[in-house]
Amino acid sequence: MSTTNSIINQNILILGTGAVGQALAGKLLSLGHQVNIGTRNVKESLSRTEKDNWGNSGIGLWIKENPTANLINFDDIGRGFDLIINALSGQAVLSVLSGISTEVLDNKIMIDISNPLDFSKGFPPSLSICNDTSLGEQIQAEFPFLKIVKALNTISNPIMVNPKLLEGDHTVFVSGNEADAKSFVSLMLKSFGWEESQIFDLGDITTCRGTEMFLPLWVRMFGKLGSPIFNINVNSKSK
Ligand SMILES: NC(=O)c1ccc[n+]([C@@H]2O[C@H](COP(=O)([O-])OP(=O)(O)OC[C@H]3O[C@@H](n4cnc5c(N)ncnc54)[C@H](OP(=O)(O)O)[C@@H]3O)[C@@H](O)[C@H]2O)c1
């Protein structure tokens with residue numbers, strides 16, 4: 001249920017058990033939402049207790065620490081979610097979504113955080129999709145019944161859910177074809193701590209070409225700074 005000023009008690013499906021899935025899941029639980037996390041194999045995921053590159057618990061340990069979250073196989077995902085968050089590896093998004101029933105996805109808002117990063121040749125990654133298209137557009141084209149809102153993909157996961165980690169102004173971009181869906185996602189971002197003035201609606205879904213193609217610069221800044229805790233600020237008189 002949502003009001004004009006807040007979003008409360010949503011039943012949310014997060015696709016992805018990595019650092020992003022965990023960060024979003026933890027924040028959404030703390031805000032009182034119901035959280036379901038999709039994975040390939042629940043049993044195998046529960047056995048993952050090693051720390052990842054971000055120092056996060058493996059998803060198995062995370063679920064033990066957050067027992068109210070529901071871990072679910074992609075193959076077993078049923079209907080009834082208010083919101084879907086795509087926190088999948090960019091290389092896996094289209095195939096995972098193809099395996100989920102159309103009834104589950106129909107008319108749903110999906111916050112798409114994924115990036116088309118290709119690590120097959122090591123670090124830094126290249127983009128497997130770019131220039132005159134984007135992963136966000138490809139998802140929207142293949143699943144026209146979804147309302148895709150690309151957001152948060154230019155920001156490291158700790159900042160996504162805690163923008164006050166950085167002092168001063170910094171920017172989160174939003175792209176999507178549906179104004180209502182973008183308004184809903186902006187409300188959700190505000191519930192995470194983002195200010196209205198920090199949310200930059202770039203326009204339709206084609207505009208996420210720009211945010212996805214920002215990633216090569218993001219990884220170079222990460223290399224230089226030695227930490228993912230940074231973001232950029234768009235400073236303009238006309239913003
Ligand atoms: N890390 C960040 O701070 C950050 C910031 C901005 C954007 N992003 C983007 O957010 C997305 C998630 O990033 P992440 O670092 O949390 O995790 P990730 O390692 O990129 O992705 C993890 C998820 O992808 C699934 N997956 C991987 N390969 C798969 C395959 N072949 N088939 C099906 N599913 C597969 C995993 O499934 P299992 O659960 O079965 O293992 C897992 O749920 C990425 O697209 C990334 O570019 C990340």
What Kirkwood hydrodynamic radius, in Å, does segment 139-239 give when the mean of 1/r is taken over all pairs of distinct Cα atoms and then inverted? 14.3
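Cβ under 10 Å from Ser186's Cβ, Ser186 left aside: what net charge do those residues give with Lys, Arg +1 and Asp, Glu -1?
Values: positive: Lys182, Lys190; negative: Glu196, Asp201.
With Lys, Arg at +1 and Asp, Glu at -1, the neighbours total 0.
How large is the translational diffusion coefficient of the chain in µm² per second when you combine the Kirkwood radius over alpha carbon pairs with Stokes-Einstein at 4 °C and 1.567 mPa s?
Details: Rh = 18.1 Å.
Reported coefficient: 72 µm²/s.
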Amide H contacts under 5 Å for Leu71, restricted to residues at least 5 apart in sequence or on another chain and with H modeled in the peptide plane, are Ile37
Protection proxy (average C-beta count within 10 Å per residue), highest first, orders 10-16, 141-147 as 10-16, 141-147
Candidates Met188, Met160, Met221, ranked by Gaussian network fluctuation over the chain, Cα under 10 Å, top entry: Met221
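Taking a quarter of the surface of the Cα convex hull of segment 1-117, what do you get in nm²? Walk me through the numbers before you get to the answer.
Values: hull surface 30.0 nm².
So the Cα hull casts an average projection of 7.5 nm².
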May I ask for the net charge around Leu61, where only other residues with Cβ less than 10 Å from the Cβ of Leu61 are counted and Lys, Arg are +1 while Asp, Glu are -1? +1
What ranking, highest mean first, results for peptides 41-48, 173-180 when packing means the other Cβ atoms within 10 Å averaged over each residue? 173-180, 41-48
As straight-line cross-link partners of Lys182, the qualifying lysines (C-alpha separation under 27 Å, not fewer than 8 residues apart within one chain) are Lys27, Lys108, Lys147, Lys150, Lys164, Lys190, Lys237, Lys239
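Under 14 Å from the Cβ of Ser126, count the other residues' Cβ atoms, weight Lys and Arg +1, Asp and Glu -1, and hand me the total.
Combined, the nearby Lys, Arg, Asp and Glu give 0.
How do 211-217, 78-84 rank on mean C-beta neighbours within 10 Å, highest first?
Going from most to least packed, we get 211-217, 78-84.
Read-outs throughout are calculated quantities, based only on the coordinates presented, and are distinct from any laboratory measurement. Every value quoted in this text rests on a predicted model; they were computed, and no experiment measured them. Cβ coordinates were reconstructed from backbone atoms using ideal geometry, including for glycine residues, and neighbour counts include every protein chain displayed.
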